[in-house]
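Participant: Before anything else, here's the structure in question.
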Amino acid sequence: ADSMASSAKRRAVGLGENPEERDHSSDEESEEDGDSEEEDSEDSEEEINEEVVVDFEAHSITHNDFNGIKKLLQQLFLKARVNTSDLTDIIIQQNHIGSVIRQAEVPEDSDDEDPDEVFGFISMINLTERKSVQCVEELKELVLGQCQTSSSEADCERLEKVLSDPGKSVGLLLSERFINVPPQIALPLHKQLQEEIAEAERTNKPSGRCHYCLMISKTCKETSKNISRSGPRAPPKDEIMFVNAEEEFFYEHAVLKFHYSVEEEADSCLSGRWSFDDVPMKPFRTVMLLPSDKFPAIMDKLKEYLTV
């Protein structure tokens, strides 16, 4: 298993807590930490931000990861009509592709009940091979429906054509993790995934290399800025912030991209980041379509920025 050390905030470890709760945490969390939240003194602030080294490891996906993976998919899809249980089943069935992130060693005195807790996962689902599967159809309907309301007619036609072409398969790349897991973990995960996809291709497994890769990223943007609703031009990159920072490199290579708001369905416990440096943000999802031959260039970028 790939192992990597990364620092994370002490109280974030194992809680999978959300950033919006980071600054005003519940009594329960503060008790666990022995922090007093009564006064916002600088001392307690320093204590909260004390960093500890946590080792995360990548493991093969097993049936025990069902709940953890489903929870992360729900964080992505929120209230969309996509059956996350069925999607999780597919990810588990094709476990020759993809990994889950777990904490390497859970200390004996830790409050964590579950040493196998899933902190993140990565996988690729071949949508073309599984076109008759209901949750895959739901997912395609979601993406096409949002494209119709949030993008140009030309984009919709192109996306529909790509998703329905049996000759050129499309893979859905899923890379989800809790907010307290550092982005450096993405490098070994993506590397491993690319190797597994190449191996699946060599052995003629249906999950082998796809012509296109489809991604749905958790993004947000400042409340004060409006994303233009139509037109082929995506908004300037600096307006959009990626919750998984490394996904910006995928965005740069996307041949089709659009954003849709999930403000109506995002509640505080599932939404990802609400504020960067106390700037209020609105939650979006960014859909990207990338030709698979862009992956070597993307991997180079990941190596450049994420090497520990």
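The values are calculated or read from the model by the stated rules, or taken from the named source; none is laboratory data. Keep in mind it's a predicted model, so treat the numbers as computed, not measured. Here the Cβ positions follow ideal geometry from the backbone for every residue, glycine too, while neighbour counts run over all protein chains shown. These accessible areas exclude ligands, DNA and RNA; they are computed on the full protein's heavy atoms, side chains included. Shrake-Rupley method; radii C 1.70, N 1.55, O 1.52, S 1.80 Å.
Participant: For M281, which of the numbered conditions (1) modelled with pLDDT under 95; (2) open to solvent by 50 Å² or more (accessible area, probe 1.4 Å); (3) closer than 18 Å to E248 by Cβ fails to hold?
Facilitator: That leaves (2) as the condition not met.
Participant: Checking C135 against (1) over 30 Å from K303 (Cα atoms); (2) in contact with a strand residue (DSSP E or B) (Cβ under 8 Å, 6 or more places away or on another chain), only one condition comes out false. Which one?
Facilitator: If we test C135 against (1) over 30 Å from K303 (Cα atoms); (2) in contact with a strand residue (DSSP E or B) (Cβ under 8 Å, 6 or more places away or on another chain), just (2) comes out false.
Participant: Would you point out the residue of the range 108-120, among those that are of a type outside the set (D, E), at pLDDT 65 or above and assigned to a loop (DSSP other than H, G, I, E, B), that is most open to solvent (accessible area, probe 1.4 Å)?
Facilitator: Among residues in the range 108-120 that are of a type outside the set (D, E), at pLDDT 65 or above and assigned to a loop (DSSP other than H, G, I, E, B), the one most open to solvent (accessible area, probe 1.4 Å) is P115.
Participant: For the range 54-79, enumerate the residues that are open to solvent by 20 Å² or more (accessible area, probe 1.4 Å), in a loop (DSSP other than H, G, I, E, B) and under 14 Å from I122 (Cα atoms).
Facilitator: Answer for the range 54-79, where residues must be open to solvent by 20 Å² or more (accessible area, probe 1.4 Å), in a loop (DSSP other than H, G, I, E, B) and under 14 Å from I122 (Cα atoms): S60, T62.
Participant: While we're here: What single numbered condition from (1) within 17 Å of F56 (Cα to Cα); (2) open to solvent by less than 40 Å² (accessible area, probe 1.4 Å); (3) modelled with pLDDT under 95 fails to hold for Q94?
Facilitator: Going through (1) within 17 Å of F56 (Cα to Cα); (2) open to solvent by less than 40 Å² (accessible area, probe 1.4 Å); (3) modelled with pLDDT under 95 one by one, Q94 breaks only (1).
Participant: Suppose we filter S123, S132, S151 for residues that are crowded, with 22+ Cβ neighbours inside 10 Å, more than 21 Å from the chain's Cα centre (by Cα) and of a type in the set (S, T, N, Q); which single one remains?
Facilitator: Just one listed residue meets the conditions, S151.
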